[in-house]
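To keep things clear, I will list the structure first and then write my remarks on it.
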Amino acid sequence: MVLDSESGELVCSNCGYVVKEKIEDTGPEWRSSSNGEGKDESRAGLPTSIASHDMGLATMIGTRNADSTGRPLSGGMRSAVDRLRTWDRRSQVHESADRNLSRAFVQLRTFSDKLSLSDEIIERAAYIYRKALERGLIRGRSITEMIAASLYAACRDGDIPRTLKDVSLVANIGKKDLARSYRLLIREMDIKMPVPDPAKSVAKIASKVDAGEKTRRRALEILAKARESGVAAGKDPVGLAASALYVASTLSGEDKTQRDIAKAAGVTEVTIRNRYKNLRAALKI
């Protein structure tokens, strides 16, 4: 499906069928004009987002002490506007839930930037955190742990290869604490997570050990055969991907040691050796 932002139509790229038309643009509005004095009167606003504590619908009183015609305000009116600005800022984070969301979503943006995640994953993580806050799961627990657990759950739900170790490092919390908060979210909110695909982790591990394209493709072929034979069932996807990459590097003649691949994948060498033996025995390599 192709979205034409100018005509507001959603079109099928194969047959040209218009699935939907007159789609509203939820992005910022831009209007630019110039008067005789050369002033730019462009105005824009952020799109609505559940990753903002106020959904992106907050008001803001400007800092310019002038009326609509450009004339400066009087002393009494300036004091009144200053009080309005103060109460406007206070009203945006007046409730405890708003303060909680404001603090959590600032950390969410920081974590997602370090992990190079898309806006879709950020929105999904914010949705999970809001539902957890509504059910009272955040009370008495660390905001950092719960927003990090929501982000990891969003990555799992979106099939993004980010491990518990990756999220715990950027959040500066323990891996066990993050896993405990994640299990709490899954159990209490009854979220069904898809089974991770080991093939998603091959490119990440191969980039860290500087493996060639031939080795990567062969590792993907090995994982496909392992999935068909049932060897991959119940195995850690990251460890399985690292083992398949090690097998592929051995067959391709690349000098990649178990230690290097284990360090890049964040698993132990014992895991790679065990999966390596299983793969070779099952696939008869």
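Within the stretch 67-98, track down each residue that is free of Cβ contacts under 8 Å to residues at least 12 places away in the same chain and closer than 30 Å to Leu151 by Cβ.
Matches in the stretch 67-98: Arg89, Arg90, Ser91, His94, Glu95, Ser96.
Can you tell me which residue among Lys114, Lys131 is over 15 Å from Ala51 (Cβ atoms), at pLDDT 90 or above and in the same structural domain as Val167 (by TED's automatic domain parsing)?
Lys114
Looking for whichever is modelled with pLDDT of 90 or more and more than 16 Å from Phe105 (Cα to Cα) here; the options are Ile147, Ile143, Ile186. Which one fits?
Being modelled with pLDDT of 90 or more and more than 16 Å from Phe105 (Cα to Cα) holds for just one of Ile147, Ile143, Ile186, which is Ile186.
Return the residues of the stretch 73-107 that are in contact with a Lys or Arg (Cβ under 9 Å, 6 or more places away or on another chain) and at pLDDT below 85; say none if nothing qualifies.
Result: Val93, single match.
Name the one entry in Ala233, Ala206 that is of a type in the set (A, V, I, L, M), over 14 Å from Leu283 (Cβ atoms), at pLDDT 85 or above and over 21 Å from the mean Cα position of the chain (by Cα).
Matching residue, one of Ala233, Ala206: Ala206.
Under 6 Å by Cβ, and 6 or more places apart or on different chains, what pairs join a residue from the stretch 121-141 that is in contact (Cβ under 8 Å) with a residue 24 or more places away in the chain with one that is assigned to a helix (DSSP H, G or I) and polar (S, T, N, Q)?
Ile122/Ser112; Ala125/Ser150; Ile128/Ser150; Tyr129/Ser150
For the stretch 201-214, state whether one or more residues are at positive phi, of a type in the set (D, E, K, R) and surrounded by fewer than 16 Cβ atoms within 10 Å (Cβ to Cβ).
Yes - at least one qualifying residue is present in the stretch 201-214.
The values are calculated or read from the model by the stated rules, or taken from the named source; none is laboratory data. Given the structure is predicted, the values throughout are model-derived calculations rather than measurements. Neighbour counts are summed over all protein chains in view; Cβ atoms, including those assigned to glycine, are modelled from backbone coordinates with ideal geometry.
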